[in-house]
1. How far is the Cα center of region 132-196 from the Cα center of region 11-61, in Å?
2. For region 170-175, just list the computed ³J(HN,Hα) in residue order, Karplus coefficients 6.51, -1.76 and 1.60, θ = phi - 60°, integers in Hz, with x standing in for Gly and Pro.
3. Can you give the FRET efficiency to the nearest 0.05 for residue 185 and residue 87, using r as the Cβ-Cβ distance and R₀ = 25 Å?
4. Along the charge dipole of the chain, Cβ charges K/R +1 and D/E -1, which of 112, 25, 71 sits furthest on the positive end?
5. What number, rounded to the nearest 500 deg cm²/dmol, is the helix-based mean residue ellipticity at 222 nm of the chain, given -39500 (n - 2.57) per DSSP H run of at least four residues and division by all its residues?
6. Place the peptides 158-164, 34-40 in order of packing, highest mean first, counting for every residue the other Cβ atoms within 10 Å and averaging per peptide.
7. Relative to the Cα centre, what is the charge dipole magnitude of region 158-205, using +1 at the beta carbon of each Lys and Arg, -1 at the beta carbon of each Asp and Glu, and rounding to the nearest 20 debye?
8. Go through 99-106, 67-74, 110-117 and give me the packing order, highest mean Cβ count within 10 Å leading.
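What follows draws every value from the coordinates through simple rules; no lab data is involved. Everything numeric in this text was worked out from a predicted model, so none of it was measured. When we count neighbours, we look across all protein chains shown, and the Cβ atoms used for this are built from the backbone with ideal geometry, even at glycine.
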Amino acid sequence: MDITLYHSPGACSDATFISLLEAGADFDVKIINIKLNEQSNPDYAALNPKKKIPFLVVDGRGLSENIAMQTWIAETFPEAKLLPSDNWEHKQALSYMGWFGSGIHQHITRHFKPAKFCSNEEAHSDIKAKSKAMYMEQLALIDAELSGKTWFFDHYTACDSYFFWIYERALRESFDLSVFEHCTAHNKRMHARENVQKMLAHTAS
Ligand SMILES: N[C@@H](CCC(=O)N[C@@H](CS)C(=O)NCC(=O)O)C(=O)O
């Protein structure tokens, strides 16, 4: 199988990258640096007209959306157990990842780039304040979910890979997340994981 991950270091493709490593997949990484707006380059836009990262190409076929990629990785490499086997827990895992992707990611994006959503500069500080408050509200819910747990389920899953990025990206917006003790402990455990360190080393190189 020929697998290529289109990745921008620090973007939500970090989560896909970690899960591919956790799965033991043999894959190539192609860097599309969103800080340089490379997702808008004609060659990349032809491949992924959504002009977003991550994008996964498997044997010539492309897949967008982190939740779909995470599910594909888990189901293609079942021995890694990246999704729970119990039917209800499996759906709970999809629910978590759907929440991360559509219920939380957007708040970080609005905080990072308010100008993308509103041309009135005077409103930007308000957008930032509100998006930060909405992010923090969601994190409080996740903190409660993680209470007493090592991972989202009784073993490591793709949800842990994905949440790592949700937490880390907010740190780069200078959000003080120390109030969320269970999320913070989860982040520490993630940093101790070999595959997270490998992904971060790839980013740094
Ligand atoms: N719905 C997509 C969102 C992907 C997304 O927003 N990626 C960001 C990086 S974290 C991106 O490509 N941003 C570039 C842009 O919006 O121009 C997913 O879940 O994979």
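1. Region 132-196 and region 11-61 have Cα centres spaced 23 Å from each other.
2. Those phi angles translate into 6, 4, 6, 8, 6, 6 Hz.
3. Numbers: r = 29 Å, r/R0 = 1.16.
E(calc), rounded to 0.05, equals 0.30.
4. The residue sitting farthest along the positive end of the dipole is 112.
5. Values: 9 runs with 107 residues, N = 205.
For the chain, the value works out to -16000 deg cm²/dmol.
6. Details: 158-164: 26.3, 34-40: 13.4.
In descending order of packing, they fall as 158-164, 34-40.
7. Values: 6 positive and 6 negative charges, 34 e Å.
With only Lys, Arg, Asp and Glu charged at Cβ, the dipole is about 160 debye.
8. Details: 99-106: 17.2, 67-74: 21.2, 110-117: 15.6.
Answer by packing, highest mean first, reads 67-74, 99-106, 110-117.
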